[in-house]
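Engineer: Once you've had a glance at the structure underneath, I'll fire off some questions.
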Amino acid sequence: MQLKQSVVLFLFFCGWIQPFWAFAGPSPTITLRGQPLTLVGQTLAVGQPLPDILLPDAGMNGVKLNSFRGQVTLISIVPSIDTKVCEKQTHILSEENNGLDATVRLVTISRDLPFAQKRFSENANIKNILFLSDYRGAQFGRNTGLLIKESQLLARAVLVLDKEGIIRYLEIVPELVQLPKMQKAFDFAKTLGE
């Protein structure tokens, strides 16, 4: 299965197949420093719509995920913004997107409280990312297959939605302490925004 996914990814990034592939089968395997973790819920797949869930933003205002329709959206999913890797991922999204934020909506979702997200964004002077919290019952995590059973945090991932709210790019990072391939996600989002 790993080899098959690697071949599909290779063909996709070489441009030899359409960007509508999906991981089939069971939930992806993720680890934390080599220790296996269990993902809970229905796994996301490219070509599917993002589940319509209401999440609070950093100001405690409800944001429905289907409100992202009409604009290409890049969603960065982190376990907790108060960790070094998650902080780095969020800074890359904000500061190293090569002007993508002018045409693509940037979103970070974590299980952190909205107050922690607000403190983080203010302290880091991040104004170009919409922070959403999955702290209430982990609805996002459960409905996307990104909830980690052992810690009740979200798996590290990045996804890109087209203007219709359909997932067109998805990377679930196999090792929780590693960063996703943010530049690949940026490049992919740019092609959808053109």
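The values are calculated or read from the model by the stated rules, or taken from the named source; none is laboratory data. Being a predicted model, the structure only gives us computed values, none of them experimental. So basically every Cβ, Gly included, is an ideal-geometry build from the backbone, and we count neighbours across all protein chains shown.
Engineer: Which one is farthest from E150 (Cα to Cα), of the residues in the stretch 102-122 that are part of a loop (DSSP other than H, G, I, E, B) and touching a helix residue (DSSP H, G or I) at 6+ places or on another chain (Cβ under 9 Å)?
Structural biologist: T103
Engineer: Pairs, please: C-beta under 9 Å, at least 6 apart or cross-chain, first residue at positive phi and in the stretch 92-103, second part of a helix (DSSP H, G or I)?
Structural biologist: Cβ pairs passing all conditions: N98/Q183; N98/F186; N98/K190.
Engineer: In the stretch 94-121, which residue that is among the polar types (S, T, N, Q) and surrounded by fewer than 20 Cβ atoms within 10 Å (Cβ to Cβ) is farthest from L50 (Cα to Cα)?
Structural biologist: In this case the residue turns out to be N98.
Engineer: Could I ask something else about it? Scan the stretch 106-117 and report the pairs whose first residue is within 18 Å of R142 (Cα to Cα) and at pLDDT 95 or above and whose second residue is hydrophobic (A, V, I, L, M, F, W, C) and part of a loop (DSSP other than H, G, I, E, B), with Cβ atoms within less than 6 Å and a gap of 6+ or a chain change.
Structural biologist: Listed pairs, sorted by first residue: T108/I129; S110/V78; S110/I81; R111/L153; D112/I81.
Engineer: Which of the strands (runs of 3 or more DSSP E) contained wholly in the stretch 123-194 include at least 1 residues that are surrounded by fewer than 21 Cβ atoms within 10 Å (Cβ to Cβ)? Let's see the steps before the verdict.
Structural biologist: On the way: elements: 130-133, 157-161, 167-172.
Qualifying strands (runs of 3 or more DSSP E): 130-133, 167-172.
Engineer: Kindly check whether there is at least one residue in the stretch 119-137 that is modelled with pLDDT under 95 and closer than 24 Å to P56 by Cβ.
Structural biologist: Yes - at least one qualifying residue is present in the stretch 119-137.
Engineer: For the stretch 54-79, name all the residues that are part of a loop (DSSP other than H, G, I, E, B), in contact with a strand residue (DSSP E or B) (Cβ under 8 Å, 6 or more places away or on another chain) and under 20 Å from E122 (Cα atoms).
Structural biologist: Those that are part of a loop (DSSP other than H, G, I, E, B), in contact with a strand residue (DSSP E or B) (Cβ under 8 Å, 6 or more places away or on another chain) and under 20 Å from E122 (Cα atoms): A58, V78, P79.
Engineer: Residues in the stretch 40-47: is at least one in contact with an Asp or Glu (Cβ under 8 Å, 6 or more places away or on another chain), surrounded by 13 or more Cβ atoms within 10 Å (Cβ to Cβ) and outside any loop (DSSP other than H, G, I, E, B)?
Structural biologist: Taking the stretch 40-47 and keeping what is in contact with an Asp or Glu (Cβ under 8 Å, 6 or more places away or on another chain), we get none.
Scanning the stretch 40-47, I find no residue that is in contact with an Asp or Glu (Cβ under 8 Å, 6 or more places away or on another chain), surrounded by 13 or more Cβ atoms within 10 Å (Cβ to Cβ) and outside any loop (DSSP other than H, G, I, E, B), so the answer is no.
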